Structure formats: C-alpha cells, structure tokens
Amino acid sequence: MTDPRPDSPLNALRLPAFAADPPAPSVRKPTERPRWPPPPRPPPARGSRPAGRPPARRAGARPAGPPPPAPPPPAHRTPSPPAPPRRPSYRPPRPPPRAAPRGGRGNRPPRRRRRAAARPAETSGAPAPSRGGPARSGAGRRKAATGKERRQARPGPHRGSVGRPRCREAETSRRASPRPPRRPAPRCRAGSRPRRRPTARERGPATEGVRARSGSSRAIRQETPSFYPMRRRRRAPNSRNSGFLPPGRMLACRLMDWNDLLARYRSERGGRPKREALAEEIARLSTRFTHPHERARLPSGYLDSRLTRAAYASYFAPANAEKVARVLGELAAADPGLLRRPALRVLDLGCGTGAAGLGLARARPADAPGRVTYEGIDISRPALDDAAWFLAEAAPDWDVRVRTGDLDSAGGPPRDLVLLIDTLNETTLAQRDPAGAGAAMVRRALDRVAPDGYLIVVEPALRTVTRLLHAIRDRLAASDPGLRVAAPCLHARPCPALAREDAWCHEERSWDRPSIAADIDRRIGHDKRWLKYAWLVLTRAGRTLGEAMESPAGATGWRAVTNRHDVKGKTRIAGCGAAGWCDLECLTRHKTDATRAFFALERGDLFTVTGGSPGTGHRRLGPDDRVTRRTP
C-alpha cells in the first residue's frame, strides 16, 4: 500500500517486498533500537489539516487522471522487519448465571423502583415523602438516602430478607405490620464460662501420664503408650453395656435414680453449692487423686470440708458405686449365693461418703432374704454422716453403723465382705516401699474376712496403681499358700503383666452417668462416660472365677486384657488365661458363626476358645475354632 503523495510518511514504512529494488543491508549499532512501531505523532489542531494532504473530495467524485507513480524509498532509512503475527487472546467462556434463590433475583440487575404517582400534596407544591425514602427538597430533587433509610425501605418482614411480595395485598400487609424485635444473642450467667471445650492451659497440668488415650478422662490416663494397639473409642456408650447388668443374665438389679438422689443430697446436706464452685473443686480433687506430685498434698481429712464432700458425692461417688456393683456382679457368677445370704455382714474400710455401700445396694437382688449389716469406718466424721444419710435413702431396711477409726480399730466378728475402695492410691504410693506397705495393709484386712468370705480391692486404672496391685497379689500368693485369687484372674500363677513394662490389667466399661456428671465434664473437660478401674478379689475357702468357668474338654478360658484392635484383614486382642499372656488374632475371611463372638469382644470380657492348641505367646484362630463369650 502506497500513498501518491511524495512526502507521505507511509512511503517510508513500506516493506521490502513492495520496494522496487531490494535495499542494501545496513549494519545497526547494538545500542540502536528498531523504529517499529513508529513514534506517535501529535494530533492535528482542530479545524486544520496536515500539510500535503489534499482536501477531502465529495462522495462519488473520481480523481482526475491516473495516480502518480510511487517514489522510491529514501536510501538513508532502513525498513524494519515485519512484526510477528499476534496470537488471538483466549478468553474463557463466561459461566452461566446461578439459579436465583427462592424469592430472589439471582444475577439479574436490580429492578428500578417505580416512581410514586403524583399526590395532591405534590400538585399543590408541597413536597411529599416517597414510600420508604427521604423527603424531597427543592424543585422535585431527592436527597441522597442514607444507609439506614435504604435498609428500612427494603421489602420484607424483617431485615435481611430477599425477594418482593407476590401480590399487592401481601405488600400492604408487610408494610403495615411492625417488624418483630430482634432476639439478643444468648449470654452466659455472671461468673460462668461458655460451654466450650477448654484448652490445654485451662485444663491445667496433665495427669499421671506422658500421653493420654483418645476418649479417656483426665482423671485416668496412662504413663506410656500401651503395649497392645488400642482400637478407636466409641463416641457414646453402647446400649449393650450402658446399664449395670443385662436383665436375665446374672442378677435382678435394684435400680437407683442417681439424679434424684444427688439432688436431694445437695438440697439437704450439700449446702446447694454453685455449679462453678463445684466444678473447680472436682477438677482440683481429680488432679490430686491422679497426679503423682499432687497426691502428696492431699490431706488425710480432706472430706471434712463441706464443698469437698459435695464435690466427691456428686462426681466420684456414683462412679465408685457403679464399679463396686460391676465387681460384685461378676463375683456373683462364681458364687451365686453370696449376695443372697440371709445375714450378710459387710465391712467398708475408708468408706468416705458410702459409695461402696451404694454399689452393694445396687447389686444385691431386691428379693434377697435376710438383712444386711453394714459397718463403715473412716477418719472423717462429716463423711460418715453423709454415708449414713445415703444408705438410709438407698437401703432403709439395712442395719447401718458408722464410726470413726482406722484399719487397726476394725474389730468384731469376721465379715462376709470386706471392701477397700481407692485406699491404696491415697495411702501407700507416697511411702518408700509401696508394694510392701500395700501388702501389709491387705494382709491386715484379710484378718477381718470369714473363711468363706471375700476381700474386694478396687483402685483407679492408673498404670502405677494397677501394677502395684499386681505386685501385691504376687507377694500375698507367694507368702500365704492358703490364699486364693478369686477374680479377676483365672489362674494362680504370677501375673504375666508384670513381665511387660507397658502392660497393666484393668477394666473399661461404659455406663449411664448422672446428668450432673455430664455437666461437670463439659465444664472441666473430663470424660466420665467410661468406668476404668483395676480390681482384685481374694478368699481362702470361697469359690474362684476359674472354677466357675470350667469349660468342656478342649476349651481354654481367657480374659481380654486389651482393647480389640481391628486392622486390615484381621482382628487382634490379647488374652490372659491358664497358659499365660497370649496374643490372639483371627482373619476377617475366617469370620463365621463359630468365630463371630471374637470380633465383638471388649476389654475385660471372659471367653473360651475350643479347638487347636492353647498357645503361649501368639495364636491365630481358624475357621474350625469356636469362640464363646462367657461374660455375664
């Protein structure tokens, strides 16, 4: 393309292909920049035309004569190389508009409000306010509406609503009806904390453990990772284990309404403490019961305080009572006539507020003949008064006697049941030889047991306390040949858990906690949905659980001492029996009607395995083996 004018700048921009003769190559300096595109020229002044441009001709007029030939390009200017073709820019397609919400307009532009019709006030010259907007001023001009006025002008029954009324009557009714008052945000009471999960700093120092298990409470934690892999905890207690004893399985249980009993206690004897103060006292007690450094600061007469007794009775006593009831229920499987004796004599050493007596009242059948003689001994007189009140409410037909004293002052005739609940944890751990001091205490308590009676020891499931209980068991069994281990062991051999540094045998059961315990758990970050305890039952002439579990020929009895661990393709659990400690596993493809019970075992369950060799360290169950759950 050329311009007939000789001085046109387009002639200097011609490409080499359109030139008559190819230009001579020229050497461009390294610092010289190409002159493409050319620098922009300033726009011409209005009303003038650039020099050399002919005047515009009329439409349809032809130029006179042929166009002049194009002049050659000047030799002093080198044409620039052609510019590379520009790639077309890619623009992604616009997404389709979203569907409009119910009653809304979606992505469509907002509708323009129709102007209100002229009113008599407007025709007379007086400005009239429009619907939902500010008044007019001046010659029909509208003031800028403020944010508040725009929000008030929005249609709808309340602020933030979208859409317009479907009919004029609905719009009129909406405008006429006043807006409902806005509900204020809920606030906590003065001095109370919001119901949220407390942080680690708010929960305070960790208890006796390096790592806490998932789903466990702060009061019961382990010091090292468990020897055997643990399964994942359930979020809520299973209905199969939520109550004390399943109906028709072992005993007819006397039901007890904990919520009503604790409410009456706090009203009559607890002083009606505030829930915040009660939660703080429970957290302090839990730390001193479980932490090794705080346990030494626990005074001997800590139950003399009214607030401490109320905290203990509201949170710890129901759990301890349920533990004793579970132990007595399993012991009744070995000796069915124990709780039905016509004159049952019970001695509770360190009874406190009577939690062990409440557990006995819960486990004893309601139709059992005879009368129970209960004797509680403790060093705190106010705690003994609370124990007498609880037993009078739960078992009014019992003969209850409470007195101050210690273990040495407990005289009288031999008893059928002697109870030691949380005594070793509070008295012997601070001594130089805890195992020796604990064995001496248990030996003195055995002197108060009848030949066909039982001594029941229940302690928290802390690793240190549980292994101490195992050591006391082995010492007493080795020093007294006439002493028998009634439960939970199925044999009289040394405890195999002591041979493993990271193993301890304890129970873990679910239960229905009282409502106040659930509220306290939410406040202090505990989890009391699970009962975790270690226990030991000793006797001289009574029956043992191993004798009661006599199985047919070829069957081996076991107690599950770890949680069930489900992995890909198999299920594993550790059992303790006459052959010692054994890791049992069963492949998933071998799950049949005969082995189905193995895949539903829980920690503490009793079961028998028929077929194959008993095994000492590891045993894999096959499809020909039969597993029977014997837990009552």
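Quick one: how many residues across region 343-376 are small (Gly, Ala, Ser) and in contact with a Gly (Cβ under 8 Å, 6 or more places away or on another chain)?
Narrowing region 343-376 to residues small (Gly, Ala, Ser): 343, 350, 352, 354-357, 359, 361, 363, 366, 368, 370, 376.
Applying the additional criterion that residues be in contact with a Gly (Cβ under 8 Å, 6 or more places away or on another chain) yields 343, 354, 357, 363, 376.
The qualifying residues number 5.
Going through region 568-590 one residue at a time, which ones are in contact (Cβ under 8 Å) with a residue 24 or more places away in the chain, out of contact with any Asp or Glu (no Cβ under 9 Å at 6 or more places or on another chain) and either crowded, with 19+ Cβ neighbours inside 10 Å or on the phi < 0 side of the Ramachandran plot (or both)?
The answer is 576, 577, 578, 579, 581, 582, 583, 584, 585, 587.
In region 376-399, which residues are in contact (Cβ under 8 Å) with a residue 24 or more places away in the chain and either small (Gly, Ala, Ser) or crowded, with 21+ Cβ neighbours inside 10 Å (or both)?
376, 378, 380, 383, 384, 386, 387, 388, 390, 391, 394, 395
Test residue 600 against the criterion of being free of Cβ contacts under 8 Å to residues at least 60 places away in the same chain, in contact with an Asp or Glu (Cβ under 9 Å, 6 or more places away or on another chain) and not assigned by TED's automatic domain parsing to the domain that holds residue 448, and give yes or no.
Numbers: free of Cβ contacts under 8 Å to residues at least 60 places away in the same chain: yes; in contact with an Asp or Glu (Cβ under 9 Å, 6 or more places away or on another chain): no; not assigned by TED's automatic domain parsing to the domain that holds residue 448: yes.
Against the criterion (free of Cβ contacts under 8 Å to residues at least 60 places away in the same chain, in contact with an Asp or Glu (Cβ under 9 Å, 6 or more places away or on another chain) and not assigned by TED's automatic domain parsing to the domain that holds residue 448), residue 600 does not qualify.
I need the full set of residues from region 319-338 which are out of contact with any Gly (no Cβ under 9 Å at 6 or more places or on another chain) and either over 17 Å from residue 457 (Cα atoms) or outside any helix (DSSP H, G or I) (or both), in order please.
333, 336, 337
Tell me which residues, restricted to region 591-603, are more than 29 Å from the chain's Cα centre (by Cα) and either crowded, with 17+ Cβ neighbours inside 10 Å or of a type in the set (Lys, Arg) (or both).
So in region 591-603, the residues more than 29 Å from the chain's Cα centre (by Cα) come out as 591-596.
Result: 591, 594, 595, 596.
Looking at 476, 462, can you tell me which residue is assigned by TED's automatic domain parsing to the domain that holds residue 329, buried (at least 23 other Cβ atoms within 10 Å of the Cβ) and within 22 Å of residue 428 (Cα to Cα)? Full working, then the answer.
Numbers: 476 fails: buried (at least 23 other Cβ atoms within 10 Å of the Cβ).
Only one candidate passes the filter, namely 462.
With part of a strand (DSSP E or B) and closer than 26 Å to residue 472 by Cα as the only criterion, which of 541, 574 stands out? Give the steps one after another, and end with the answer.
On the way: 541 fails: part of a strand (DSSP E or B).
Testing whether each residue is part of a strand (DSSP E or B) and closer than 26 Å to residue 472 by Cα leaves just 574.
Right, residue 297: surrounded by fewer than 22 Cβ atoms within 10 Å (Cβ to Cβ) and modelled with pLDDT of 90 or more or not? Don't jump to the end; show me each part of the working.
Values: surrounded by fewer than 22 Cβ atoms within 10 Å (Cβ to Cβ): yes; modelled with pLDDT of 90 or more: no.
Answer is no for this residue.
The values are calculated or read from the model by the stated rules, or taken from the named source; none is laboratory data. On a predicted model such as this, the values are computed, not experimentally measured, just so you know. Glycine gets a Cβ as well: all are built from the backbone with ideal geometry, and neighbour counts include every protein chain shown.
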